[in-house]
Amino acid sequence: MAEQADGKYNIKAVSTLLGIHPGTLRAWERRYNIIEPVRNDAGHRLYTDEQLRILKWIVHKVDNGFTIGQAVDLLSKQGGASVYEQEHGHQDQMEAVRQQLMTSLLKFEERKSNELLDHAFGMFSIEKVLIDILGSILIEVGDKWEKGDISTAHEHFVTAFLRTRIGMVFNNLPINGFLPKVICVCGPDDMHEIGLLIFTFFLKRRGYETIYLGAGIPKDDVIEVVDEVKPKMVVISCTMPETLHKTMDLVDKLVKKDSVKVGLGGSAFKHLSEIELRKIQDMMIGDSQQDWSNWLKRDLT
């Protein structure tokens, strides 16, 4: 009875605090028996401070590369003990795989790269592989190409490889029709879509209904799709500085639609002036998973 008196967070509040969908919470409770929230007189779930702490710990594990099953198993066996050592060992393993994959890709070793990536998917969560391994490789390859450390052929090979493997995972994710629709598209004439694919995966993984348009979509066509689909959010990626003016023109047209929120990502925006950057500051999604989660809580809840 004391636990029932302590129950004070409803599932919507917990979902907002943790940054995960209520349906995910319910699924975890059914499948893994993590916790058993108390019920109020109306039958609604109420979570205690202790239960919220446990859920925060589990979400932290999942965000750091554990599968939900691994996190629950660690919690039950160790009660969260030795977490520091486990996390550092996990990060070391992931960094070793990332470096090996990067080296293999830059040597045009497609077969070995696929083997390494298959190994990574067997060791870490899908989200950790796509965002922390492939995403970081994408950034590093882009930096090397801009500095002239690698050739255009290297950049194209790595990009094509990543696009194929991300697409294989992306197409198998379920859609939750109860969450807002989000259109994801590259800016007009911008052809670098890998970063956008990774962010789209991040959205779909959390249950958002996404419409991925990718690269090569003219401005007027984007506007037409927005008018037809009526999404709550349009996410635009721009990585090529020479396409930035057309992207900003598209942004200007979209922000005039009161019902649509605009999110922006990509390295090209760093070429804007400080005054221009201040105007779009609230639209910038950020570079890390934590940035993305914070932005979603602010704009999609």
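All of the numbers you see were taken from the coordinates with simple rules; none came from a lab. It should be emphasised that the depicted structure is a prediction, and the values quoted were computed from it without experimental measurement. Heads up, the Cβs are rebuilt from the backbone with ideal geometry, glycines too, and the neighbour counts pull from every protein chain shown.
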(request) From zero up to wherever the largest Cα-Cα distance of the range 83-170 sits, split into 5 Å bins and tell me the percent of pairs in each. (result) 3, 14, 26, 26, 17, 9, 5, 2, 0
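Taking all pairs of different Cα atoms in the range 181-299, averaging 1/r and flipping that mean, what Kirkwood radius in angstroms comes out?
Working: mean 1/r = 0.0710 Å⁻¹.
Taking every pair of different Cα atoms in the range 181-299, averaging 1/r and inverting gives 14.1 Å.
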(request) For the range 240-249, take each phi angle, set θ = phi - 60°, evaluate the Karplus expression 6.51 cos²θ - 1.76 cosθ + 1.60, and give the result in whole Hz per residue in order, putting x for glycine and proline. (result) 9, x, 5, 9, 5, 5, 5, 5, 5, 5
(message) On a straight-distance basis, which aspartates and glutamates could pair with K12 in a cross-link, Cα separation under 18 angstrom, same-chain partners fewer than 8 positions away excluded?
(response) E29, E36, D41, D49, E50, D299
(request) Sort the following peptides by mean Cβ neighbour count (other Cβ atoms within 10 Å, averaged over residues), highest first: 126-137, 208-219. (result) 126-137, 208-219
(request) Return the long-range amide H neighbours of T210 (sequence gap of 5 or more, or a different chain), with a cut-off of under 5 Å between placed amide H atoms. (result) V182
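Against the globular-protein guess of 2.2 N^0.38 Å, express the Cα radius of gyration of the chain as a ratio, rounded to two decimals.
Values: Rg = 21.0 Å, N = 301, 2.2 N^0.38 = 19.2 Å.
Compared with the compact-globule rule of thumb, the chain sits at 1.09.
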(request) Specify which residue in the list A268, C184, A215 is farthest towards the positive end of the charge dipole of the range 181-299, using unit charges on the beta carbon of Lys, Arg (+1) and Asp, Glu (-1), about the Cα centre. (result) C184
(message) So for the range 2-78, considering every pair of alpha-carbon atoms, how many percent are separated by more than 14 Å?
(response) 61
(message) Distance cut-off 22 Å, Cα to Cα: go down the list K181/K297; K107/K147; K144/K297; K181/K253 and report the pairs above it.
(response) K144/K297
(message) Can you compute the modelled spin-label distance between E115 and K279, with each label point 7 Å from Cα toward Cβ, in nm?
(response) 5.3
(request) Work through the residues other than G214 whose Cβ is under 11 Å from its Cβ and net out their charges, Lys, Arg +1 and Asp, Glu -1. (result) -1
(message) Can you work out the Karplus-derived ³J(HN,Hα) for every residue in the range 69-76? Use 6.51 cos²θ - 1.76 cosθ + 1.60 with θ = phi - 60°, whole Hz, and x for glycine or proline.
(response) x, 5, 5, 5, 4, 5, 5, 6
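Of the listed pairs K232/K256; K219/K270; K8/K261, which have alpha-carbon separations greater than 24 Å here?
Details: K232/K256 13 Å; K219/K270 21 Å; K8/K261 32 Å.
Distance filter (> 24 Å) returns K8/K261.
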